[in-house]
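Report on one structure; see the data block that follows.
The values are calculated or read from the model by the stated rules, or taken from the named source; none is laboratory data. If you're wondering where the values come from, they're calculated on a predicted model, not measured in any experiment. Quick reminder, even Gly has a Cβ in these numbers, built from the backbone with ideal geometry, and neighbours come from all protein chains shown.
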Amino acid sequence: MLDLFKKSILTGLGLALKTRDEAEEMARQWVKKQRMSEKEGRAFLSDVMKKYDTSMEKLEDRVEQTVKEVLKKMQIATRDELEALRREVAALRETVQPPPEGSGPAPPQTPDPKP
């Protein structure tokens, strides 16, 4: 189920990234319209792309946080939680189960009761 969420998110981000080219083209057209110098145009375009990239990073962070919240509400364990449970079960098994024969000191013998 987590993979489905990730694929959905990545698809959405892919669509958003596709619009980066459109944003860049729009900025280039605006530079031409405003008759900026080459230096001004490059600075403007660079600024627009930096802002776009920052916005995308924020969007990715929000999406990741939203997915985590959804998974928590659905009460789906995370990989880290499952791994912690596995370690806990392994530790409990060690305390409950005796070691296999030949792997440690022999248990103390109790004397037979006298008849």
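Select from region 52-89 the residues that are of a type outside the set (S, T, N, Q) and under 30 Å from Met26 (Cα atoms) and list them in ascending order.
Let us first name the residues in region 52-89 that are of a type outside the set (S, T, N, Q), namely 52-53, 56-64, 67-74, 76-77, 79-89.
Within region 52-89, Tyr52, Asp53, Met56, Glu57, Lys58, Leu59, Glu60, Asp61, Arg62, Val63, Glu64 meet the criteria.
Among all residue pairs at least 6 apart or on different chains, which show Cβ distances below 7 Å where the first residue, located in region 71-89, is in contact (Cβ under 8 Å) with a residue 24 or more places away in the chain and the second is in a loop (DSSP other than H, G, I, E, B) and not polar (S, T, N, Q)?
As it stands, the answer is Ile76/Met1, since those pairs meet every condition given.
Somewhere in region 104-111, is a residue modelled with pLDDT of 85 or more and not aromatic (Phe, Trp, Tyr)? Show your work before the answer.
First pass over region 104-111, keeping only residues modelled with pLDDT of 85 or more: none.
Looking through region 104-111, none of the residues is modelled with pLDDT of 85 or more and not aromatic (Phe, Trp, Tyr).
Can you name the number of the only condition in (1) under 23 Å from Arg20 (Cα atoms); (2) outside any helix (DSSP H, G or I) that Glu60 fails?
Among (1) under 23 Å from Arg20 (Cα atoms); (2) outside any helix (DSSP H, G or I), Glu60 violates only (2).
Out of all the residues in region 67-100, which are of a type outside the set (Lys, Arg), surrounded by 11 or more Cβ atoms within 10 Å (Cβ to Cβ) and modelled with pLDDT under 90?
Selection gives Val67, Val70, Leu71, Ile76, Ala77, Thr78.
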